[in-house]
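Let me begin by presenting the structure, written as structure tokens, before commenting on it.
The values are calculated or read from the model by the stated rules, or taken from the named source; none is laboratory data. Source: prediction; values computed, not measured. Reconstructed Cβ throughout: ideal geometry from the backbone, glycine too, with neighbour counts over all protein chains shown.
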Amino acid sequence: MASLIIPFLAKIFFSLFFILLFFLLITYIIKFNSKEKRAIYSIYILVGVLLAASFIIFSFYAPSFISANSLKDINIQSNSDFTTTIYNLMSPFIAIAAAILTFMAFWVQHSANNEMLKNNEKQNVEKQFYEMLQIHKQNVKELEWENWSIQSSPQRNILNTNKYALNNLYSHHKISGCKVFELHWLEYVFIEQSLINSIKLFITNEKINIKYNNLNSWKKIISFSYNIYMQGMSSIKEMYQKITLQFFDDCENNFFPIKKCLDTKKSLKSLNKYSFNSKDKPLFENDKDNLIPLYLYFLLSYFKRKIQPYKISLYNSHQYNQLMGANFFSGHYDELNRYYRHLYQTVRIVANYDSKIISYDEKRKFLRMLRAQLTNNEQLLLFYNWMSGFKYGEDWEKQNGNHFFTEFRMIHNLNPENSSLFIKMGNDNIIRWIKSFNPNYNDYDEHPLFEFENQ
């Protein structure tokens with residue numbers, strides 16, 4: 001009797017042991033996979049283990065349910081008969097449970113392998129990001145601004161000073177690193193404000209009205225100003241036929257007749273010695289002869305000669321003395337194209353990576369680190385780079401494309417008080433316009449598009 005019961009009890013003991021072991025395993029898995037996205041995975045495993053346990057427990061009662069006679073009616077005087085009966089009745093259910101548990105074990109191992117591969121890939125992405133972040137820092141460090149400037153330039157940025165240059169009236173400055181963007185933004189603002197003054201002069205001298213205080217007009221102003229900032233004022237010459245080149249020469253070498261014309265509020269066309277023939281479409285429809293860029297060229301040339309704005313004062317005009325030098329309205333495309341190209345690629349790699357491997361919150365964390373490297377002026381220039389559409393700058397935010405501004409807040413820290421666009425058009429209108437590029441904007445977190453919205 002004992003010899004028959006002991007194997008039976010041993011089966012029960014080992015069955016209960018394995019059930020307890022798998023319940024401990026499933027408890028650990030559920031705890032490890034506590035995140036919502038893994039809840040279904042944990043439930044599947046729990047159901048599988050419970051199903052296997054049910055088959056094992058049911059196997060103990062299988063002889064009573066399946067055998068015609070209960071266990072107490074079986075002739076236990078024959079050891080082989082008893083063992084064979086119990087084995088034949090219990091083994092199918094234990095085999096089924098074993099198959100289920102084996103499958104679950106392979107599935108757990110497979111899932112663990114996939115998780116390991118994802119972690120390895122995530123580590124590779126993180127490594128690539130930090131390498132690109134270092135390259136970005138190096139690109140910024142290599143940016144320089146060398147000029148001959150009045151000594152009122154910001155001394156904290158000066159690395160080299162020649163106090164005896166030009167009879168002590170001017171000093172040689174070599175500014176490098178992120179401080180360079182202070183002067184880059186200053187130059188862009190000067191060009192933009194000069195263009196607005198050119199429009200005002202055109203309205204006064206040509207007696208033609210132009211409405212420029214609307215968003216579409218501001219897009220044109222920013223696009224044209226940014227093109228001059230990147231390509232240099234010489235790019236204006238390429239807009240006209242060769243017979244107009246005499247006007248540009250006089251702006252640089254003999255500007256007094258042109259200045260007299262503007263001072264007396266006469267049309268540029270009254271200067272009969274010039275023939276104005278534009279190859280490009282006018283900036284504004286009412287300017288059929290495309291004269292506004294010629295006004296702008298004169299204003300920029302006048303400033304280069306006199307180191308002061310022509311007639312109409314610009315805000316903080318004393319700061320523009322810092323602009324004098326080799327970089328003065330000569331364009332910055334060769335200098336900045338690598339900077340913008342690398343910055344765009346860094347953001348694109350992170351933002352467009354498989355969300356199954358790097359979640360949205362993790363992407364935001366990486367890009368916050370990148371954005372923390374950008375000064376407020378850098379973010380303003382990035383915003384204007386996008387608005388201008390210059391050299392694919394429009395790819396930063398598109399209706400049916402990337403949403404690096406709205407989804408990942410890459411211009412979160414710009415200061416609207418330094419932008420005429422925000423001042424003239426209003427913060428709310430600009431924010432609403434930017435958000436219109438992304439119909440899914442409200443699906444992201446509750447953080448505002450710009451930092452100043454919290455103030």
query = Hey, among the residues in the range 340-378 that are β-branched (Val, Ile, Thr) and closer than 22 Å to VAL140 by Cα, which one's surrounded by the most Cβ atoms within 10 Å (Cβ to Cβ)?
reply = VAL350
inquiry  = Tell me which helices (runs of 4 or more DSSP H) are completely within the range 340-455 and hold 3 or more residues being aliphatic (A, V, I, L, M) and closer than 27 Å to GLY177 by Cα, or say none if there are none.
reply    = 360-371, 376-388
query = Looking at (1) over 17 Å from the mean Cα position of the chain (by Cα); (2) at pLDDT 90 or above, which is the only condition THR406 fails?
reply = (1)
note = When the range 368-410 is checked residue by residue, the ones that are without any contact (Cβ under 8 Å) to a residue 60 or more places away in the chain and polar (S, T, N, Q) are ASN376, GLN379, GLN399, ASN400, ASN402, THR406
note = All conditions in (1) free of Cβ contacts under 8 Å to residues at least 12 places away in the same chain; (2) within 26 Å of SER223 (Cα to Cα) are true of SER270 except (2)
request  = Kindly indicate whether LYS211 is surrounded by fewer than 16 Cβ atoms within 10 Å (Cβ to Cβ), of a type outside the set (Gly, Ala, Ser) and either at positive phi or in contact with a Ser or Thr (Cβ under 9 Å, 6 or more places away or on another chain) (or both).
outcome  = yes
request  = From ASN442, ASN400, grab the single residue that is over 17 Å from the mean Cα position of the chain (by Cα), surrounded by fewer than 17 Cβ atoms within 10 Å (Cβ to Cβ) and not assigned by TED's automatic domain parsing to the domain that holds SER223.
outcome  = ASN442
